[in-house]
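Beneath this line is the structure, given in structure tokens, with notes to follow.
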Amino acid sequence: MTIDDQIICHLSGRLDTHGSLDLEPKIDEITHPEKVLVFDFTEVEYISSSFLRICIKKYKQLGTERFCVKNPTSDIKRVFKIAGLEKMIRE
Amino acid sequence: MTEKQSNPIEEILERATYAAAIFSQYDQERIDKIVRAVYLAGLNDRIRLAKMAAEETQLGKWEDKVKKNAFATQYVYESLRHLKTVGIISEDERMGIIEIAQPLGPILAITPVTNPTSTVLFKILIALKTRNPIIISPHRRAARCSIEAARICYEAALSEDAPEDCIQWVTHKSRELTQQLMQHPKLALILATGGTGLVHEAYSSGTPSLGVGAGNVPVYIEKTADIPFAVEQIMISKTFDNGTVCASEQALVVEKEISRKVQQEFVKQGAYFLSMEQIRALEKIVLMPGTRSMNPEIVGQSVEKIAQMAGITIPADSRLLIGQLEKVGPNYPLSSEILAPLLAYFEVADFDAAVRLCIDLNYHGGIGHTVSIFSYDEPKIQKFALMMNAGRILVNMPSSQGGIGSIYNTLEPSLTLGCGTSGKNITTDNISAYHLLNIQRITRRRINERTSRFGFNNYLDETLDAETLEREFNRNY
């Protein structure tokens, strides 16, 4: 999961409410204040409100420099765009 | 969803925006499951919400509010259930047009005191069906029951995995905050039902708005009408929830020839004709002294209460009060819109005089809303309709239940009735889910035969005048 100072989470499928609840403590566990947390969305088909909340939490916790979302599909990119959270996406 | 921010307006809109984003991923099947769950929850709680509304607002009748809640859920759901509102909604190969439905974004729903829970249920259903988050801003005198209606809908929506905060409500009473909400750049639409001032504020906010105007519904009983039937229908309508529906009849217009029969029938069916003295007493209480607008204290009250407020005595079994007037206008307060079981009555010489008077009533505060006629004379019905400025011209039906659609006719079921530009609205339609969509059109090449044959360069020829151009453009077409 870790490449140098980056922690890359390869997520996949539908990040629904239940899945997000399971994921949250795991993500909290791997979060490191001095490393960049990256959510790789290449294989993510859907995100729920709960997962969006995790993204917002991490963004607030780590800041622009240390948190980002990568490789969203067009559907997911649009979610971030509508939400006004496109700043989280690093292409 | 996020940490508490200092500005509640920002937080509400931020949450609504996140909900809109999540909603963008939902397909029709998921949306329809959410809508069904919300409809069933609203219908199940129809009686409890109605009792809460009647108790809190102290207006109307709880039994009729139950029916309004049932209308706002069951009738509205039936009109929505097969409607396509997500993605491609129509394909016309011949025209080369494919229509795509997209949501609008966060909607602010301003809801009234007269139909509080039913309007909340209605607006939530049409918003969710179209994947739009909704923020309910209830009338301050109906806040508790409106918020409870919103809360049960939200719970039901979440049970079907709807986005968090797809339904929110505001509890503040400050007008300033409502204005801030209305003007917020993240807000997509205001769905305003309420007083004229509030609807005007919505339209002035800079945010696209669907509002409603005030009504002042004339009902013309033309001489071919079936009098006992007409009277029965008007009694059903005007006594419903003590007259709180804005499409309810306000003034009867009757030709002299049948006036006696009409009056006898009204008395037979429980109406009471006021004496001149009693009319004078009522005139003092029906309007607000300064603004000349309807006195909110009288709205939705029973005839007994109204009589008590005016200090007049009426027969114990009266169901409706009727006051005969000479003219329409500010000097005749009973000719204005009054949402209570109280009707004005005008006797006229003939058809033309009736239409002239209905024009006066229509333009006296009710322009663009609804008018009603009882008649079996088709040419007269049409002439009457052509002279009126009204979104709905109801024929041979109770106007309260007729205006809101789908019970007595095939109009869209709605608790938000457009009044056209004269009523300062953008549409005369009964507002429905369709109005809460941005329709995108994929359009394919279908070249106008005249364009390919005639060619735009002909317009550069100075020797061709307009009539020649018209002839050549349409040659052999």
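Every number here is computed from the coordinates shown, using simple stated rules; none is lab data. What you see is a predicted model; the values in this text were computed from it and never measured. Every residue, glycine as well, gets a Cβ built from its backbone with ideal geometry; the counts of neighbours run over all protein chains shown.
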message: Please compute the alpha carbon radius of gyration of the protein assembly as shown, then divide it by the globular-protein estimate 2.2 N^0.38 Å. Two decimals is fine.
response: 1.16
query: Given labels modelled 7 Å from the Cα in the Cβ direction, how far is it in nm from residue A:22 to residue B:264?
result: 8.0
- prompt: Between the range B:243-268 and the range B:293-324, what is the C-alpha centre distance in whole Å?
  reply: 16
message: From zero outward in steps of 5 Å, how is the percent of C-alpha pairs of the range B:1-142 spread across the bins?
response: 2, 10, 16, 17, 17, 15, 12, 7, 3, 1, 1, 0
field: DSSP-defined beta bridges in the range B:16-174 - what % are antiparallel, rounded to 5
entry: 40
query: Picking from B:454, B:39, B:180, whose Cα lies most toward the positive end of the charge dipole for the protein assembly as shown (charges on Cβ: Lys, Arg +1; Asp, Glu -1)?
result: B:180
field: Where Cα atoms sit under 20 Å apart: lysine pairs in chain A separated by 8 or more or lying on different chains
entry: 25
task: Work out Dmax and Rg for chain B from the C-alpha atoms and quote the Rg first, both in angstrom.
output: 25.0, 84
message: Along each principal axis of its Cα atoms, how long is the range B:222-274 end to end? Whole angstroms, biggest number first, please.
response: 31, 20, 19
query: Considering only DSSP beta bridges with both partners in chain A, what is the antiparallel share in %, to the nearest 5?
result: 10
Per-pair calculated FRET efficiency, R0 = 30 Å: residue B:385 and residue B:442 via Cβ, rounded to 0.05: 0.20
message: As a test of the definition: which semi-axes, in Å, follow for the range B:11-56 when you take the square root of five times each eigenvalue of its alpha carbon gyration tensor? Largest first, please.
response: 28, 18, 4
- prompt: Using all Cα-Cα distances in the range B:107-163, what percent lands in each 10 angstrom bin from 0 up to the longest?
  reply: 26, 57, 16, 1
- prompt: Based solely on its DSSP helices, what 222 nm [θ] is calculated for chain B when runs of n ≥ 4 H residues each add -39,500 (n - 2.57) and the sum is averaged over all residues, nearest 500 deg cm²/dmol?
  reply: -12000 deg cm²/dmol
- prompt: Which net charge results for the neighbourhood of residue A:89, defined as the other residues with beta-carbon distances under 14 angstrom from its beta-carbon, given Lys and Arg at +1 and Asp and Glu at -1?
  reply: +3
- line: Given unit charges at Cβ for Lys, Arg (+) and Asp, Glu (-), the dipole magnitude of chain B about its Cα centre in debye, nearest 20, is 620
message: Take the residue pairs B:67/B:383; B:51/B:238; B:123/B:238; B:186/B:424 and return only those whose Cα atoms are more than 27 Å apart.
response: B:67/B:383
Whole-angstrom gap from the range A:10-72 to the range B:99-134, using each part's C-alpha centre: 31
- prompt: So for the protein assembly as shown: antiparallel DSSP bridges make up what percent, rounded to the nearest 5?
  reply: 25
- prompt: Can you list the lysines whose alpha carbon is less than 19 Å from that of residue B:261, not counting same-chain residues fewer than 8 positions off?
  reply: B:223
Calculated from backbone phi, Karplus (6.51, -1.76, 1.60) coupling profile of the range B:212-223 in Hz, x at Gly/Pro: 10, x, 7, x, 7, 7, x, 10, 9, 9, 6, 5
- line: Each residue of B:13-25 has, on average, a number of other protein chain C-beta atoms within 10 Å of its C-beta equal to 5
query: Using all Cα-Cα distances in the range B:296-375, what percent lands in each 10 angstrom bin from 0 up to the longest?
result: 16, 45, 30, 10
- prompt: How big is chain A by the Kirkwood estimate over distinct Cα pairs, in Å?
  reply: 13.0
query: Relative contact order (percent) for chain B, with alpha-carbon contacts under 8 angstrom and 6 or more residues of separation?
result: 17
field: Karplus 3J(HN,Hα) series, Hz, for the range B:187-201 with 6.51 cos²θ - 1.76 cosθ + 1.60 (x for Gly, Pro)
entry: 7, 8, 7, 10, 10, 9, 10, x, x, 4, x, 5, 5, 4, 4
